[in-house]
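Any read-out appearing in this document is the output of simple, stated calculations on the displayed coordinates, not a laboratory observation. Model, not experiment: these values are computed from the prediction. For neighbour counting, all protein chains shown are included, and Cβ atoms are generated from backbone atoms with ideal geometry for every residue, glycine included.
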Amino acid sequence: MMRNARQASILALLIASGVSLGGCAETNLFGHAAKSAMSSGDSPAISSSAVQNYKIGKPYQVAGVWYYPQEDFDYDETGIASWYGPDFHAKLTANGEVFDQNAVTAAHKTLQLPCIARVTNLENGRSIILRINDRGPFVNGRIIDLSRKSAQLLGMEGKGTAKVRVEVLNEESRVLAGKLKPDSTGNEPKVATAAPRGSVTAETLPPPPGVAARPGADQPAASAPPPRSEVAAAEADLSNQVVSTVPTHPTSLYVQAGSFGRHDNALRLSARLSTVGRSQIQQATVQGRTVYRVRLGPLANVEEADRMLDAVVAVGQTDARVVVD
C-alpha cells in the first residue's frame, strides 16, 4: 500500500511539472552528432505547456539503423545506461518539450513519449522513478540516456555508464497518456525518408492542462507563461525525490547476437560467430515460449562489451545488443 501511494504521488508530480530532456550520450561523440542531425537549426526554446503531447511516432533511421517506435506498457529490459547534460540544456526534445538537465528524465529509442519508468542501477541498488520524453541514445550497446540529475541520483555521473534495469510502470504510464493529447505536428527525426514498413500511430487522447517549462538559470530562458507555484514545488520534489535502495546481486555482461524459436537456427549463428569469439546457446522461456539465445561472454566491463558488440555487428548481426544477466 505504501509503495502504491508513493508511486501515485510521484506520478502526480511528474504530470504537474512537465519535466523534459534531450537525448544522446554525453560520453559518446556520435551520440551528439546524431542528436544534432535530428534537430533543426538551434532548436529555439519554447514553453512545454504548448507541447504537452502524447507521441509514438513513425519509424526513423539514424546512421543506417532503423528504429520502430511502439507502445509498450510492459517494457522491462536490462542493459547499459549513459547520461548527457550541458550540451542539450534548454534545447527541444523529440516531443517538443524543453530539456532541463536538472530534471529527473531520460531518453529511449522506441518507447511512447512520455511514459513513466523505474530505473535501477544494478551495480549499487539505487532506484528512481523518472519520465521518458525523448529519443536516444543512438549508440550501440546503450538502452537509455539519463539526464544529468538522474545520473546523479543513481550514482553513475562520474563513471558515465552503468548496468541498469528499465521498467515501464504500466498503470502510471497509462494514466499519463490519458491526460495528454496526441501529437499532430508530424515532427519526426529529419534523418531519413519513409521506413520500409508501416508506421505506428497514437490513439486519440484528451488534451492536458498547460504547464510551464523550467529552463536552467545559466541558459537562455524559454518563452513561457509565468511559472506556477505548484509546478515549481513539483519540480523541486522530483529533483529531491527519495532514492530507493534494493538489494544487489552479481551480474554479468553479454552480447546477445540473436534469439530464435528453433535450436538449429541458433546453432547456425553460433557457428558463424566462431571468427568473432566463443558463443554459447542459452535456453529461456519468454511469455510461455521457448527461445534459444546466442550470447558471447561473460565480458569483463562495458568497454569490452562495446568492442565485442561492434565485432558482432560487423559480421551482419545488426540486431545484436548488450545485455545484463
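Rounded to whole numbers, the Karplus 3J(HN,Hα) couplings from phi for the range 244-253 are 6, 10, 10, x, 9, 10, x, 10, 10, 9 Hz, using 6.51 cos²θ - 1.76 cosθ + 1.60 with θ = phi - 60°, and x at Gly and Pro.
Neighbours of ALA266 by Cβ distance under 13 Å: Lys/Arg scored +1, Asp/Glu scored -1, total +4. Between SER252 and ARG272, full extension at 0.36 nm per residue minus the direct alpha carbon distance yields a gain of 4.9 nm. Mind giving me the nanometre distance, one decimal, between the label points for ASN170 and GLU77, set 7 Å out from Cα along Cα→Cβ? Label-label distance for ASN170 and GLU77, simple model: 1.9 nm. Once the Cα-Cα distance is subtracted from the 0.36 nm per residue extended length, the TYR68 to GLN280 segment shows a gain of 73.5 nm. Taking amide hydrogens as placed 1.01 Å from N in the peptide plane, the amide H of ASP72 sits under 5 Å from those of GLN112, each at least 5 positions away in sequence or on another chain.
The amide H of LYS159, built 1.01 Å from its N in the peptide plane, has no neighbour under 5 Å, considering only residues 5 or more places off or on other chains.
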